[in-house]
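Here the structure is laid out as C-alpha cells; the discussion comes afterwards.
The values are calculated or read from the model by the stated rules, or taken from the named source; none is laboratory data. In this text the structure is predicted, and so the values were computed from the model without any measurement. Note that each Cβ is placed from the backbone with ideal geometry, even for glycine, and that neighbours are counted across all protein chains shown. We work out accessible area using only protein heavy atoms, side chains counted, and drop any ligands, DNA or RNA first. Shrake-Rupley method; radii C 1.70, N 1.55, O 1.52, S 1.80 Å.
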Amino acid sequence: MTLRKTAVLVLALVLVLASLLMTGCTNAATTKVKVGVLYISPVDDGGWSQAHKRGIDAAVAEIGAAKVELMELQSINDTDTTATNAAIDQLVSAGCQIIFATSFNYMNAVAAKAKQYPNVKFEHCSGYLTDANMDNYFGQIEQPRYLSGIVAGMKTASGKIGYVAAFPLPEVIRGINAFTLGVLSVNPSAKVYVRWTNTWYGPDVEKEAAVALLNEGCDVLSQHQDSPAALKAAEEKNAFGIGYDNPMGSAAPKAYLTAPIWNWGAYYAKKIKAVMDKTWKVETYWGGMKEGMVALDALSALAPSGAQAKIDAVTVDLKAQGNDYIFKGPLKDQTGAVKVEAGKSMTRDEQMSMSWFVEGVVGEIPSGS
Amino acid sequence: METGFAVMAALFLASAVRISVPLLVGTLGETVTERAGHLNLGVEGMMMLGASAGFLVAVRTDSVLLALLAAILGSGAGALLYAVLTVTFRANQVVTGLALTIFGTGVANTLGKTVVGENPPPAVQAFFALKPLHADLSGIRDVPVLGPVAGFVDAAFLQHNVYVYGAVALALLLAWFLRRTRAGLHLRAIGENPAAADASGIRVIAGKYAAILAGGMMCGLAGLYMPLVHIQTWTDNITGGRGWIVVALVIFVRWDPLKATLGALLFGALAIVGFLLQAYPQLSGSILFSQYVIDMYPYLMTLLALVLANAGRKKGWQGPGALSVPYFREER
Amino acid sequence: MIRIVRKEDTVGLRAWAVRAGAILAALAASVLLVLLMGYDPIRTFGAMLQGAFGTEYGRINTIIMAVALAMTALAVSVAFSMKFWNIGAEGQILMGAFAATAAARVLPEGTPPVLLVLACLLAGLAGGAAWALVPGLFRIYLGTNETLFTLMMNYIAIKFVVLLRCLAWKDPAANGFPVIAEIPAGAFLPPVLGVHAGWILAVLLAVATYYFLRSTKLGYEIRVVGESERTARYAGMDVRRVVVTGVLVSGAMAGLTGAVKLMGVAHTLSETVAGGDGFTAIIIAWLANLSAPGIVVASVLFAALKQGTLAMEIVGSPPSLSDVIKGLILMAALSTEFFLRYRIAVERRDAHATAVHPPAGPGQAEGGPSAEAGAPAEEGG
C-alpha cells in the first residue's frame, strides 16, 4: 500500500508540474498566428471535413508552416451546444485569433461567442449571420454540380439518375436543381430521382438510400452526402456515380465519373493573412468557380466521350455569369408551372430560400420544409 | 429495367437481408452471453473492437481468415475483460458493460485511424463478391408460376455473399447447440439457476467464462461485417449504435437463435423501409410511415415483447432466470 | 487452491484512498499508452489539466459539465439505492428537457421570467418523473425487468426528440434546417458567479439527496427495499408505494437535469441535450458507491476529463484517446471494489473458508437488475 501511495504522489506531482510547464509553453510562443478550426466530423471522413482540412492545409502551406499555429477540434457535434461552447472557449483560451467553424449549426453558438470575445475573429461556414467580428462564407457549388449533371446526363443509358440527398434544405434543393438542369441540358428526357437520408454523414444510411435508387433502375448516382458510400453501392451494382466534397475516385474506381469539389484554401489563406496584417474586415463571401472556391474534379476514364468538350465550353459561361447562368428563365417546377420567366434569373435571395424542385426531378420535398 | 412490384419487393428483401447481418450475428452472441445469466451491455464496444482489429488485419494481410481471427481475438479480449470483472471480480454487470462500450469504442477508433481511407484489399473483395447460392434460372425463367417464384427467391435470398449464409448457419448451429446438446443444456441451467446447476455438478464459473467469451467473439464478427463487407472502408463509430439495437433484439426474439434470424430481418427492414416509402409520397406523408416514427418501432416492439411475456394470468418465460444476477458460490 | 474469501469491508477514508489510488494507477497506465502511441505524455496530460482547470473558461465549462453529471448521478443513485436499476436517465433527461420546452412554448409571451423559469423547471420535473413512472409501474404490477425497460425507453425518447426536431417542432425560421426554435430568453437560467444558476440546484440536490436517503423515513424505506424486498414486506412496508415514490423522485431529478441543461446551456431542444450523460451518470453513481459527496467528486473528475480532452486534441492527440483513458479508469475502479471486499487466499483444498455474510450496501456486488428478493434463482429452475 505504501508503495502505491508513493507512486500516486509522484504521479500527481508530475501532472502538476506538467500543467505548469504547459502554461510556460503557451506564453513563450507569441509570434505565430493562432488559427482554430471546428470540424463536425473527423478530418479524414473522406467528405466535408476532409475538404475543409484540405483547405486549411493549403492555406498553411501558402502562408508558411512556421508562421501559423493550428489548433483543430474534430467531431464537435453541431447540435450539441454544450460541446460547441466548450470547444470555442477552449480555442479562445489557447489563444486563437481566428476561428473557422465549418458547419451550419454552429451558427448560434458562434454568434453568441463572437459577442463574448470581440477580439477574436470568427468565420462561420454556410450560415447567414454576421457581426463586427464574424464572417459568413460559402461557395456556389451549384456551378460544378451543373457540370456534373452534364456528365451524368450523357452517361445514363436508362434515363434514370439517382440523387442521394441529405436534408430538404434550400442548399441541398438548389444543388439538386442545378444538377438536374445540367442533366436536362444534354438529355432532355432524363429524370433525377431523389432520396432523403436526413443525415449529412452516415455511410450505412447513404448506402441504403443509394441501393434503393439502384433497385429502381437508376444507372448513375449523384449525391449531396459526405461519404463515398453511394459510389461504393453503385460500383457493387455495376452502375456509375458522382461524388462530392473531394476527389473520390480511389473509393470506387470502377464507378467514379467525377465530383463537384470544394477548394476552401484560397479563402482561408486570405482571411488568416488579414488577421496577420490586421486588415481583417467582416464580409459575406459566396465564391464560385471564377474565384476558385469550387471546381469539378478531373473526369475519370469512365466519363462519356465528348463530356470534356461540353464542360469546357459551359465552364467559360459559368465563370462569366456565375449562378445566373444556371438559374435563368424559363424555369418550370415539377407541376409545369413557370417559376422563373424567360429573360430573368433568380435573385440571390430566391436562390437562398429555394424550396421547390425544377421539372425533371422525381421526388417530394417533405411538407413543413 | 423491369421495376414491377415483385422485383422491387425482392430487391428490398435482399437489402434487408444484407443490413440485418450484423444485427443477427450480434444477437446470437448476446444471446449466448445472456443465456449464461450475464447481461453484457458492452456489445457495441465488442463490435467496434472486432471491426477495427479485423479490418486492420484485412487491409494489412489481404486474408479473410486472418481478418476473422483478428476480429474474434479483438472482441474476445474485450469479453475477457468483462468476464474477469463480472464473474471473478463480481463487478456490477450493467456498469461493466457500459465501461466496456466506452473502452472498446475508444480503442477501436484509435486503431481505425491507421486504416482510414483504405478499401478492403483485392482478395477480400473478391471473396465477398462471390454469390455461392446464386441459381442459374435461364432454363425455367419462362415456366409459369415456378419461373417468377424462383426468380423472386433467387433475387431476395440467394444472391448474397458468404458472410450472410455464415450468419444463418451460425444461428442454426446455435439453436441446435442450445436445444440438443449437453453443453447447451448446461449453459441454460447456469443462466436459469446457477446454484442448482452448481449443485448438480455443472462447472458454473467455467461455463460463464466460455459463454461470455464465445458471445463476445460473435459480437466481434458482427462488427467486422460493417467495414469489411457493408461500408467497405473505416469510419469512426462504424457500427453506429447497432450494439444497442442488438440488446433490444435479443429481448424481442426471446433469447432464441432461430427467431433471431427473422427478428434481425424485420429490424433490418424497418431501418430501410423509409427509402422505399419515399417513392410513395402519399404513404410517407403520413406520420405513421414517417421514417422518424418507424425508427421508434423496434424499441416499441421490444417493450411490447417484454411486457407481453409477463402479462396475462399465466406468466410466460421472461428470459434467463438469473439474468444479471451475480453468482458467488461462497455466498450461497 | 486459490479461493476468493470475503473479508471485512474496507471502509471510510482508507477505502476512498484505495479508490483514488486505482484511478491514478489507471492514469499511469494511460501515460504509458500515450508514450507507446508516440505522443509526448507531459504535453498531452499537461494540456488536459490546463484545459480542464488552467483557464477561467476551462473551469467554467468543467463545472457546467459536472453540474449535469452530478445531478443525473444523484438521480440514479436514489433508484439504485432500492435496487431499481434505472438506466433510463438519458431518456428522462430528454423528456424533462422536452417538457420544459413545451412549457416555454405554451406560456404566453410576456410571462415574467421568474414564473417562466419556475414553470419550466417544474415541467422538467414532471416530464422526467412521468417517463420513469412507466417502467416503474410495469415493474411493480407485472414484474417486468426494469433494466431492459428503462434502456428501451431511452431510445424511444431520443427518437421522439428527433421527430420533434425534424418534423413536428421544426423551426420555420431556420431556413429549412432541422432545428427547434430557441426557448424565450426569459426562460434562460441566469449566470451566477460565471456559471448558470443550475449549479446552485446541483449543490442543493446533493445535500438534499444525502439527507433524504439517510435521515428521512422514505429514504430509510428505500434503503431497506434495496437490501431486501422480503425484509421490507416483513417490516410492514408498502413496497409498491416505496418503489413508485422512489422511481418518481429519481425520474423527477433526471428530468430536472434535462430542464437545467436546456435552460442553462442548450437553449434549444435536441437529442444531444442529454449527450450520453445518462449513461456516464450510472458509472459515476456506481463508482461513488452511491454516496452524494462521492458523486460530486467523481462528476468533477469526469467533467474535467471531458473538458481536458478538447485541450489534448488541440495539441494533437487523437480524440478517441479520452475514451480509452476513461475506460481504463473505469476498469481499474471496478476491480478495486472487489479488492475492497474480498481477498484472494491460497489454502489447502480441505480448508473451507467461512463465508462471512455480506453486510448490505448498494456498492456491494450483490443482487442484479432483476433481483427481486429471493426470487431470481428459483424462477425456471
Which whole-angstrom value gives the distance between the alpha carbon centres of the stretch C:1-80 and the stretch B:7-21?
-> 46 Å
What nm value, rounded to one decimal, do you get for the distance between residue C:11 and residue B:9 when each label is placed 7 Å out toward the C-beta?
-> 6.8 nm
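According to the square roots a ≥ b ≥ c of the eigenvalues of the Cα gyration tensor, what is the shape class of the stretch C:170-252, taking rounded for a/c under 1.5, prolate for a/b larger than b/c otherwise, and oblate for the remainder? Show your work: numbers first, answer last.
Numbers: a/c = 5.21, a/b = 2.10, b/c = 2.48.
Oblate shape, in that a/c is at least 1.5 and b/c is the bigger or equal ratio.
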Dimensions (Å) - chain A, Cα atoms, principal axes, largest first | 79, 51, 40
Kyte-Doolittle mean at least -1.0 and Cα extent at least 27 Å along the axis: which DSSP H helices of chain A qualify?
-> A:2-28
To the nearest 10 square angstrom, what accessible area does residue C:36 show with a 1.4 Å probe?
-> 150 Å²
Measuring from label point to label point, each 7 Å out along Cα→Cβ, what is the residue C:234 to residue B:142 span in nm?
-> 8.4 nm
Cα-based convex hull volume of the stretch B:178-299 per residue, rounded to whole Å³ = 136 Å³
Hey, what do the phi angles of the stretch C:140-147 turn into as Karplus ³J(HN,Hα) couplings, whole Hz, using 6.51/-1.76/1.60 and θ = phi - 60°, x for Gly and Pro?
-> 5, 8, 10, x, 5, 4, 6, 4
Carbon and sulfur together cover what percent of the accessible area of the stretch C:69-276 at a 1.4 Å probe radius?
-> 69 percent
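Would you mind putting C:68-76, B:34-42 in packing order, based on average other-beta-carbon counts within 10 Å, highest first? Could you put the intermediate results ahead of the total?
Numbers: C:68-76: 30.9, B:34-42: 29.0.
With the highest mean Cβ count within 10 Å placed first, the list reads C:68-76, B:34-42.
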Pull up all non-local amide H partners of residue C:87: gap of 5 or more, or a different chain, and H-to-H distance under 5 Å with H placed in the peptide plane.
-> C:150, C:151
Pick out which of A:228, A:118, A:144 has the largest mean-square fluctuation in a Gaussian network model of chain A, springs linking Cα atoms closer than 10 Å.
-> A:118
Could the peptides C:301-307, B:288-294 be put in order, highest first, of the mean number of other beta-carbon atoms found within 10 Å of their residues?
-> C:301-307, B:288-294
Ranking A:212, B:319, B:243 by how far each Cα lies towards the positive end of the charge dipole of the protein assembly as shown (+1 on Lys and Arg Cβ, -1 on Asp and Glu Cβ), the top one is B:319
Two decimals is fine: what is log10 I(q)/I(0) at q = 0.11, 0.12, 0.13, 0.16 Å⁻¹ for chain B, from a Debye sum with one equal scatterer on every Cα and no solvent?
-> -0.75, -0.88, -1.01, -1.36
At a probe size of 1.4 Å, how large is the accessible area of residue A:121, to the nearest 10 Å²?
-> 50 Å²
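The stretch C:69-276: D in µm²/s via Stokes-Einstein (Kirkwood Rh, Cα pairs, 25 °C, 0.890 mPa s)? Spell out each step's value before the answer.
Details: Rh = 17.4 Å.
Using the Kirkwood radius from Cα pairs, D works out to 141 µm²/s.
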Counting other chain Cβ atoms within 10 Å of each Cβ in C:303-310 and taking the mean gives 3
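Using a Förster radius of 35 Å, what is the FRET efficiency between residue A:238 and residue A:199 based on their Cβ-Cβ separation? Nearest 0.05, please.
Working: r = 26 Å, r/R0 = 0.75.
That gives a FRET efficiency of 0.85.
Please give the average number of partner chain Cβ atoms lying within 10 Å of the Cβ of each residue in B:230-242, rounded to a whole number.
Values: counts 6, 9, 10, 8, 3, 12, 9, 3, 2, 1, 4, 2, 1.
Average neighbour count from other chains, rounded to a whole number: 5.
Antiparallel as a % of all DSSP beta bridges within the protein assembly as shown, to the nearest 5? Could you put the intermediate results ahead of the total?
Values: 16 of 57 bridges.
The antiparallel proportion sits near 30 percent.
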Protein-only accessible surface order, largest first, of C:261, A:328, C:217 at 1.4 Å = C:217, A:328, C:261
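Quick check on the stretch A:117-166: take the gyration tensor over C-alpha atoms, sort the square-rooted eigenvalues as a ≥ b ≥ c, and tell me if it's rounded (a/c under 1.5), prolate or oblate.
Details: a/c = 6.33, a/b = 3.86, b/c = 1.64.
The shape class here is prolate.
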What lysines sit close enough to residue C:7 to cross-link, taking a C-alpha to C-alpha distance under 30 Å and skipping anything fewer than 8 places away on the same chain?
-> A:5, B:208, C:83, C:326
Any residue on another chain or 5+ positions along whose placed amide H is under 5 Å from the amide H of residue A:122 is listed here as A:99, A:134, A:135
Over all residues in A:62-74, what is the mean tally of Cβ atoms on other chains that come within 10 Å of each residue's Cβ?
-> 2
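Going by accessible area, probe 1.4 Å, with all protein chains left in place, what is the ranking of C:269, B:172, largest first?
Order by accessible area, largest first: B:172, C:269.
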Acute angle (nearest 10 degrees) that the helix B:297-309 long axis makes with the longest principal axis of chain B, alpha-carbon atoms | 50 degrees
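If N is the number of residues in the stretch C:1-135, what value comes out of its Cα radius of gyration divided by 2.2 N^0.38 Å? Numbers along the way, then the final one.
Values: Rg = 22.0 Å, N = 135, 2.2 N^0.38 = 14.2 Å.
My calculation over the Cα atoms of the stretch C:1-135 gives 1.55.
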What accessible surface, in Å², does a 1.4 Å probe find on residue C:211, ignoring ligands, DNA and RNA and rounding to the nearest 10?
-> 130 Å²
Using the Karplus curve 6.51 cos²θ - 1.76 cosθ + 1.60 with θ = phi - 60°, work out ³J(HN,Hα) for each residue of the stretch B:238-249 in order, rounded to whole Hz, and write x for Gly and Pro.
-> 5, 7, x, x, 5, x, 6, 5, 4, 4, 5, 4
For chain A, built as a Gaussian network whose Cα springs stay under 10 Å, the top-fluctuating residue of A:190, A:210, A:259 = A:190
Over the alpha carbons of the protein assembly as shown, what is the largest minus smallest coordinate on each principal axis, giving the biggest first in Å?
-> 94, 79, 58
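Indicate the gyration tensor shape class of chain C (rounded, prolate or oblate), computed on the Cα atoms with a ≥ b ≥ c the square roots of the eigenvalues: a/c under 1.5 is rounded; otherwise a/b larger than b/c is prolate and the rest oblate. Walk me through the numbers on the way to the answer.
On the way: a/c = 2.04, a/b = 1.22, b/c = 1.67.
Oblate, because a/c is 1.5 or more while a/b does not exceed b/c.
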HN-Hα J couplings of the stretch B:74-87 from phi, Karplus 6.51/-1.76/1.60, θ = phi - 60°, integer Hz, Gly and Pro as x?
-> x, 6, x, 4, x, 5, 5, 4, 4, 5, 4, 5, 8, 7
At 7 Å along the Cα-to-beta-carbon direction for both residue A:317 and residue A:266, put a label point, then send me their distance in nm to one decimal.
-> 2.2 nm
Given charges at beta-carbon only (K, R positive; D, E negative), |dipole| of chain C in Debye = 540 debye
Between the stretch A:292-369 and the stretch A:157-200, the alpha-carbon center distance in angstrom = 10 Å
Relative contact order [Cα under 8 Å, 6+ residues apart], chain B, whole percent | 34 percent
Efficiency of FRET between residue B:262 and residue C:211 - r from beta-carbon atoms, R0 41 angstrom, step 0.05 | 0.20
Residue among A:323, A:238, A:263 with the largest mean-square fluctuation in a Gaussian network model of chain A, springs linking Cα atoms under 10 Å = A:238
Accessible surface ranking that places the most exposed of B:225, A:128 first, with a 1.4 angstrom probe | A:128, B:225
